[in-house]
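The values are calculated or read from the model by the stated rules, or taken from the named source; none is laboratory data. Just so it is clear, the structure is predicted and the values come from calculations on it, not from any experiment. All Cβ positions, even for glycine, are placed from backbone atoms using ideal geometry, and neighbour counts span all protein chains on display. Surface areas here come from the heavy atoms of the whole protein model, side chains and all, with no ligands, DNA or RNA. Shrake-Rupley method; radii C 1.70, N 1.55, O 1.52, S 1.80 Å.
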Amino acid sequence: MSVTRYLTLPPIVTLAVLLAGCVGSPSARYYTLQSDLQATTPSTQRVDYQIEVVPVSVPQQADQPQIMLREDQGGGALTPMYSDRWSAPLADEIRSALADRLTRQLGALDVQTLTPAPDVPVWRIQVDVQRFDMVVGGPARLDATWRVRPLKVQGGRALVCRSIVQLPADQFKVVSSLVEAQQQAVKLLADTIASAIQSGGANATPAAQSVQMLGCA
Amino acid sequence: MAEQTNPPSDDGIAAPEVVRKKERRIGWIWLVPVVAALVALSLVLRTWMQEGPEISITFETAEGLEVGKTQVRYKDVVVGTVDGIRFNDDRSKVLVNVQLSKDAAGLAAEGTNFWVVRPRLGFSGVSGLNTLLSGAFINVDARDGAGAETSATQFEFVGLETPPPVTHDRAGKRFMLKAADLGSLDIGSPVYFRRINVGRVIGYSLDESGDAVNVEVFVDSPNDKFVTEGTRFWNASGIDLQVDTGGVKLHTQSLMSLALGGVAFAPVNVNQDKLAKAGTQFELYDGEAAAKANPDGDPFPIRMRFDQSIRGLAVGATVDFQGIALGQVTKISIDFDNEKKRFFAVVDAVLYPERLGPVYDRMHARAQADGDETGGRLISVMVKYGLRGQLRTANLLTGQLYIVLENFPKAEPVEFHMSDPVVIPTIPGNLEQLQQQITNIVAKIDKIPFDQISRDLRTTLSSTSRLLQNLDKTVAPDLRNTLQAARKSLDSINELLARDGSLPVNAERAMNELGRAARSLRGLADYLQVHPEALIRGRGDDPIPGQIRN
């Protein structure tokens with residue numbers, strides 16, 4: 001009973017006003033790197049091999065649940081956009097986008113999770129993303145070193161390459177345009193890798209002009 | 001008549017004074033008997049105070065003693081009189097009451113001897129002849145000089161039947177000699193040093209154990225200073241005749257010793273030159289040769305036990321130590337060991353450790369300083385370090401043996417207890433050891449049952465072949481079945497652990513979920529680090545860097 005005596009009116013009112021001043025959180029938006037289905041044309045050819053996309057590794061700066069934006073001339077400053085988040089960890093996003101595009105492009109099945117038949121040839125694809133930049137108003141950069149290795153494939157050889165994809169983005173609608181640009185970059189990377197597989201590991205052709213190839217071996 | 005007139009009081013005639021005379025109770029006449037009584041009392045007192053102690057002496061007989069007449073003399077001075085002779089309770093002894101004078105009261109003390117002086121004929125001559133004329137008297141021998149008593153302390157004495165051989169006032173030392181038999185010694189036999197009569201035998205008695213005679217000798221001073229600890233006494237009675245390859249030798253001490261017997265002494269062991277204390281015990285040797293024969297100090301008896309044959313060992317064989325003949329064997333006997341059920345030889349020997357020379361003196365002095373009286377600790381240390389007795393051949397032709405005491409460092413440790421005589425452990429001789437070892441080996445080989453072994457071997461081989469046949473028939477198919485079953489289980493394990501089996505897939509999925517949970521937690525923690533107010537106020541807007549959001 002004595003406690004209520006201290007709860008006089010003015011302090012309650014100020015507390016309520018203060019609490020009212022608390023702003024709630026803005027709703028979060030989630031992005032994915034997998035592009036829409038209608039944007040791709042499924043390949044009808046059937047090949048005798050299967051592919052296996054090994055989980056990719058991404059740099060730790062980009063491996064955040066929220067989108068990290070980089071300033072144009074900001075030096076090394078990264079800005080986290082807490083309301084714009086990746087729907088899955090970035091490594092899984094890139095892997096699933098790559099696998100999606102590769103399987104459609106090559107017409108082969110992805111046997112990373114499922115067990116292949118013992119005598120079926122499998123191409124194993126390893127990707128190591130070294131740069132995943134989303135610059136405000138500027139380009140979206142994807143820099144990856146990848147390797148294709150044949151398992152039980154006649155006449156195939158392993159190939160290691162490095163591809164740099166740089167695509168421009170919109171100055172307005174910064175985040176969504178950057179995400180779209182990265183989607184496109186992943187697609188181009190997948191096409192490059194597919195060309196390497198199709199050549200049997202001999203060489204890799206860049207899928208577009210914005211793809212730069214460095215040091216294939 | 002005339003008027004009777006009372007004489008007036010103031011007539012001038014004084015009234016008579018009646019003076020009552022005091023009656024004397026005691027008359028002067030009583031003084032006389034009082035004085036007489038006092039005089040008598042003083043006389044009695046004086047006699048009583050002047051009286052000396054009254055003692056009683058026990059004698060066998062009262063021959064020559066008369067009450068009131070027989071005097072008691074000390075150094076020919078009359079010190080008392082016999083004033084009563086009576087029997088004791090059972091009439092076995094005669095009690096003579098003697099009244100001593102006051103100034104001779106100190107004579108009634110312990111150690112005083114009384115004897116009756118009568119004419120006596122002894123080996124040393126006739127004594128007491130003057131008593132034929134004067135009558136027998138009682139002679140006293142008491143301690144005088146510095147230790148003399150001045151008051152009477154003892155009142156009952158036992159008188160001596162014969163005069164004591166040595167009186168207290170005679171200066172000199174007494175020594176005890178232990179002899180095998182008395183020979184021709186008697187009380188009064190002379191003691192000679194360099195053929196001079198320096199003392200006499202004053203008493204002898206049979207030892208309690210019955211195997212020796214204790215002879216007490218008295219050596220007058222100043223010649224008692226020649227008796228040292230290394231002196232040897234021998235019986236010099238009669239004639240000492242020696243006939244050997246060197247000729248005939250005849251020794252006597254004196255004519256008196258021919259008749260009375262005598263004891264002679266000489267310092268034999270020059271190493272011990274300390275003066276012997278009074279009452280020291282010496283051994284009485286049979287003759288001069290025996291006394292001077294071994295200036296080797298006290299014999300040290302030892303005993304050894306030999307389990308081997310001692311043929312060739314004779315009494316008198318040497319006991320050798322480092323090349324020195326330390327002693328000889330004195331007795332050989334046989335004993336039976338109940339535990340091992342065999343006979344063994346017991347050899348008694350006597351050692352003369354003084355033959356070792358100065359080292360023995362040092363060891364002995366150190367042992368004495370340590371409080372080790374019998375040398376037991378010293379010997380136990382030596383035994384611990386390997387001192388053993390061993391039989392060795394002295395002469396290969398005759399097979400004579402002798403005993404050697406030597407240090408054997410590899411000898412088996414033996415428990416040692418000090419005993420009398422000291423038992424020294426033994427070790428078998430070299431040849432003997434070798435023989436024993438060969439015998440042991442041969443016995444062991446003999447014990448091996450060779451035919452039993454061959455029989456067992458044969459049965460083992462046959463059973464082994466049977467076992468192998470069994471294995472082939474029964475065990476092999478079972479083994480094959482087991483292997484097949486094992487392969488089947490391996491196949492099922494393979495299936496279980498296949499890439500797409502439920503086990504690894506579920507495990508991987510669980511790991512993935514765990515990783516994601518950790519990642520989310522990490523993200524939350526990182527965000528809260530940057531915006532801790534987000535817990536209350538929520539997440540704020542994210543402005544696009546370098547741009548104003550429209």
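Relative contact order for chain A: 20 percent, from Cα pairs under 8 Å spaced at least 6 residues apart, divided by residue count.
Thinking of the stretch B:401-524 as a set of Cα atoms, what percent of all their pairs are more than 17 Å apart? Counting every Cα pair in the stretch B:401-524, those more than 17 Å apart make up 82 percent.
Working note: Debye formula, equal point scatterers on the alpha-carbon atoms of the stretch B:159-280, no solvent; log10 I(q)/I(0) at q = 0.20, 0.21 Å⁻¹ is -1.18, -1.27.
Using the Cβ-Cβ distance between B:ILE85 and B:SER333 with R0 set to 60 Å, the FRET efficiency works out to roughly 0.45. Heavy-atom accessible area for B:HIS251, with the other protein chains in place and a 1.4 Å probe, reaches approximately 60 Å². What is the log10 of I(q)/I(0) for the stretch B:49-160, computed with the Debye formula using one identical point scatterer on each Cα and no solvent, at q = 0.12, 0.17, 0.19 Å⁻¹? The computed values of log10 I(q)/I(0) come out as -0.41, -0.80, -0.98. Projected onto their three principal axes, the Cα atoms of the stretch B:323-369 cover extents of 44, 24, 16 Å, largest first.
With all pairs of separate Cα atoms included, the stretch B:383-459 yields a Kirkwood hydrodynamic radius of 15.9 Å. Across chain B, where is the longest run that never hits GluC sites (Glu not before Pro) in a DSSP loop with at most 13 other C-beta atoms within 10 Å? No qualifying site falls inside B:209-338, the longest such stretch.
Placing +1 at every Lys and Arg Cβ and -1 at every Asp and Glu Cβ, with all other atoms neutral, what dipole size does the protein assembly as shown have around its Cα centre, in debye to the nearest 20? Charge dipole, the protein assembly as shown, about its Cα centre: 3340 debye, nearest 20.
Listed by chain and number, the aspartates and glutamates placed with their C-alpha closer than 18 angstrom to that of B:LYS292 are B:GLU229, B:ASP240, B:ASP244, B:ASP273, B:GLU283, B:GLU354; residues fewer than eight positions away on the same chain are left out.
Summarising the label geometry, the points placed 7 Å from Cα in the beta-carbon direction at B:GLN272 and B:PHE343 lie 4.0 nm from one another.
If the segment from B:TYR385 to B:VAL39 were pulled out straight at 0.36 nm per residue, it would be longer than the present Cα-Cα gap by 115.3 nm. Note on surface exposure: B:ILE26, B:ILE138 rank B:ILE26, B:ILE138 by accessible area, highest first, 1.4 Å probe.
Computed over protein heavy atoms with a 1.4 angstrom probe, the accessible surface ordering of B:TYR204, B:TYR402, largest first, is B:TYR204, B:TYR402. Label zone (A:GLN212, point 7 Å along Cα-to-C-beta; backbone nitrogen cut-off 18 Å) within the stretch A:118-149: A:129-136, A:138-146. Overall, the ratio between the Cα radius of gyration of the stretch B:211-345 and 2.2 N^0.38 Å, rounded to two decimals, is 1.43.
Short to long, the 5 Å bins of the Cα pair-distance histogram for chain A hold 1, 7, 13, 16, 16, 12, 9, 6, 4, 3, 3, 3, 2, 2, 2, 1, 1, 0 percent of all pairs. Extension gain, B:VAL530 to B:THR150: 0.36 nm times the residue separation minus the Cα-Cα distance gives 124.4 nm. Please tell me the relative contact order of chain B in percent, rounded to the nearest whole number, where contacts are Cα pairs under 8 Å and at least six residues apart. Worked out over chain B, it gives 7 percent. So if we plug the beta-carbon distance of B:ALA369 and B:GLN281 into 1/(1 + (r/R0)^6) with R0 = 22 Å, what FRET efficiency do we get, rounded to 0.05? E between B:ALA369 and B:GLN281, to the nearest 0.05, is 0.40.
What the Cα convex hull of chain B gives, in volume per residue, is 983 Å³. Given the pairs B:LYS340/B:LYS447; B:LYS340/B:LYS384; B:LYS249/B:LYS274; B:LYS102/B:LYS173, which span a C-alpha to C-alpha distance of over 29 angstrom in this model? Where the Cα-Cα span goes over 29 Å, the pairs concerned are B:LYS249/B:LYS274; B:LYS102/B:LYS173. Once the C-beta distance of B:GLU63 and B:ASP420 is scaled by a Förster radius of 41 Å, the resulting FRET efficiency is 0.20 to the nearest 0.05. Between chain B and chain A, roughly 2000 Å² of accessible surface gets buried, counting both sides and using a 1.4 Å probe.
Using a probe of 1.4 Å, the accessible surface attributed to A:ILE164 totals some 30 Å² when neighbouring protein chains are kept in position. Were the residues from B:LEU471 through B:ASP207 laid out at 0.36 nm apart, the gain over their Cα-Cα distance would be 85.7 nm.
The fraction of all Cα pairs in the stretch A:43-159 landing in successive 5 Å bins from 0 to the largest distance is 2, 11, 17, 19, 15, 11, 9, 7, 5, 2, 0, given as whole percents. Taking 10 °C and 1.306 mPa s as conditions, the protein assembly as shown diffuses translationally at an estimated 35 µm²/s according to Stokes-Einstein applied to its Kirkwood radius (Cα pairs).
Among residues other than B:LEU524 with Cβ under 15 Å from its Cβ, the summed charge is +3 (Lys and Arg +1, Asp and Glu -1). A straight Cα-to-Cα reach below 24 Å connects B:LYS93 with the lysines B:LYS69, residues fewer than 8 places away in its own chain not being considered.
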